[in-house]
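Here's the structure we're looking at; comments come further down.
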Amino acid sequence: MSHGHDDGTGSGNGLRPATKVVHSGRDPKRFDGFVNTPVVRGSTVLSATYDDLIHHRGRYSYGRRGNPTTESFETALKALEGGDGIALTPSGLSACSISLLSVLGAGDHLLMVDTAYRPTRTFCDQVLKRLGVETTYYDPLVGAGIADLIRDNTRAIFLESPGSQSFEMQDVPAITAVARARGITTLIDNTWATPLFFKPHAFGVDISIQAGTKYIGGHADLNLGTISAVGPAWKKVIATHGTLGITISPDDAALGARGLRTLAVRLAQHQRSGLEMAQWLQDRPEVSRVLHPALPTDPGHAIWKRDFTGATGLFSLILKEVPERAVAAFFDALALFGMGYSWGGYESLAIPFDCRDYRTATVWDVEGPGVRLHIGLEDVADLKADLDQAFARMRAAA
Ligand SMILES: *Cc1c(COP(=O)(O)O)cnc(C)c1O
């Protein structure tokens, strides 16, 4: 099969990441010159002959098992992730849950980072527990000390770096080195960095997961999950994914692919604006600390600098102690920052958070209320003005 603009395998080997996201997985010659792979809707795929049918000779066999639109998007993602294959799922959470189901069974033990996306924890505490898998939460800063937590039946270690809401950086290569030596599968939720800014497989991670809902989609109009895996883990992922009957619509695959084409330029802007806002917030009298690994003062900065090639637009701040009514006044005053979960779209967002609500392996002991910001693609001068007037309302209500 030909993939037009890349090296013919669709891998985009040798091309730089910003070029790969533009060219990989497209084959205009195959579609009468149209730049984008069309949205192909379909369940039934017809075979030309009896012989083709019984020997499965067609490129496609049945809608659930893939079509030109999903295949094109998978090829582009594979070029970026550098793994052995991509499985697409209907949400980021399902990408986490299907990956875990692929490598765990009754009697197994899972090491799960305490700073994981909260619904991933709920999946472990409810579904995995019911299926006979025991989960132990670990401190994200454990590093090579993960070795002390491994049991005879530990089959998987799940990472997320930086951590959800609080942005602790994990020493990924220290953990994967221990896991590889013990034959334990590693998984990472890489939604924050995307494979443009952190390459999980290059750091020894077997399964790389993204909520494509966030930066891959990039426009707050899609729920999507992506799983990239290598070696034996890839065989397990694709078998479990196929057996469970997980599939995404060709429309969603086309939206995901459309987002991917502009990922590099969007992330460059999210990075620039995010860092400028983080630095500005560090100097605000209302702010105690900014949690952003690209700031030189951040405790995770050395690891971020060693392993990552960029930072995206999501970070948090800890306010100085104020009563809740003042926090409410701050949020209610925001005009450009929307109050809403999710992130990764073109728009700026703000939510309050408190990690004491759910963490079990670490102590969340901070000076004041937590605020998570997503810096979108607006002009930062307008975003600063919006926060400035919201801080004024906060002070007035304190
Ligand atoms: C949003 C998110 C998810 C889940 O994605 P959905 O599409 O909402 O299911 C998983 N992990 C992280 C880190 C996220 O931010």
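Here are the numbers for this structure:
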read-out	value
Fully extended contour minus Cα-Cα distance, from Gln389 to Phe353, at 0.36 nm per residue	10.9 nm
Region 176-240, accessible surface, carbon-and-sulfur percent (1.4 angstrom probe)	58 percent
Spacing of the two label points (7 Å from each Cα toward its C-beta) at Leu377 and Asp332, in nm	3.3 nm
Counted charge near Leu224, where neighbours are those whose Cβ lies closer than 13 Å (Asp, Glu -1; Lys, Arg +1)	-2
Acute angle (nearest 10 degrees) that the helix 380-397 long axis makes with the longest principal axis of the chain, alpha-carbon atoms	50 degrees
Calculated on alpha-carbon atoms, Rg and Dmax of the chain in Å	21.9, 78
Selected from Ala177, Ala229, Ala264 as most flexible by GNM, with the chain as the system and alpha-carbon contacts under 10 Å	Ala177
Net charge of neighbours whose Cβ lies under 14 Å from the Cβ of Asp171, counting Lys and Arg as +1 and Asp and Glu as -1	-2
Cβ-defined net charge surrounding Gly368, 15 Å radius [Lys, Arg +1; Asp, Glu -1]	+1
Sequence-distant residues sharing a close amide H with Thr135 (under 5 Å, placed H)	Leu110
Calculated [θ] (222 nm, deg cm²/dmol) that DSSP helices of n ≥ 4 give over the chain, each run adding -39,500 (n - 2.57)	-10500 deg cm²/dmol
Å² of accessible area per residue within the chain, as computed with a 1.4 Å probe and no ligands counted	43 Å²
Loop-exposed trypsin sites (Lys or Arg not before Pro) per DSSP, neighbour cap 16 Cβ within 10 angstrom, longest uninterrupted part of the chain	152-319
Placed amide H near Thr154: partners under 5 Å, 5+ positions off or other chain	His109
For region 64-76, 3J(HN,Hα) per residue [Karplus equation, 6.51 cos²θ - 1.76 cosθ + 1.60, θ = phi - 60°, Hz, x = Gly/Pro]	4, 8, x, 8, x, 6, 5, 5, 4, 5, 4, 4, 5
Per-residue HN-Hα couplings for region 248-260 [Karplus 6.51, -1.76, 1.60; θ = phi - 60°; Hz; x = Gly/Pro]	10, 6, x, 5, 5, 5, 5, 5, x, 5, 4, x, 4
Farthest positive-ward along region 264-397 dipole, Cα basis, beta-carbon charges - from Gln279, Pro299, Leu377	Pro299
Beta bridges by DSSP in the chain, antiparallel share as percent, to the nearest 5	55 percent
Angle in degrees between helix 263-282 and the longest Cα principal axis of the chain, rounded to the nearest 10	10 degrees
Rounded to 10°, Cα long-axis angle of helix 324-333 versus longest principal axis of the chain	60 degrees
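The values are calculated or read from the model by the stated rules, or taken from the named source; none is laboratory data. Note that the structure is a prediction, hence the values are computed from the model and not measured. All Cβ positions, glycine included, derive from the backbone under ideal geometry; neighbour counts span all protein chains shown. Just so you know, the surface numbers come from the protein's heavy atoms only, side chains and all, with ligands and any DNA or RNA stripped out. Shrake-Rupley method; radii C 1.70, N 1.55, O 1.52, S 1.80 Å.
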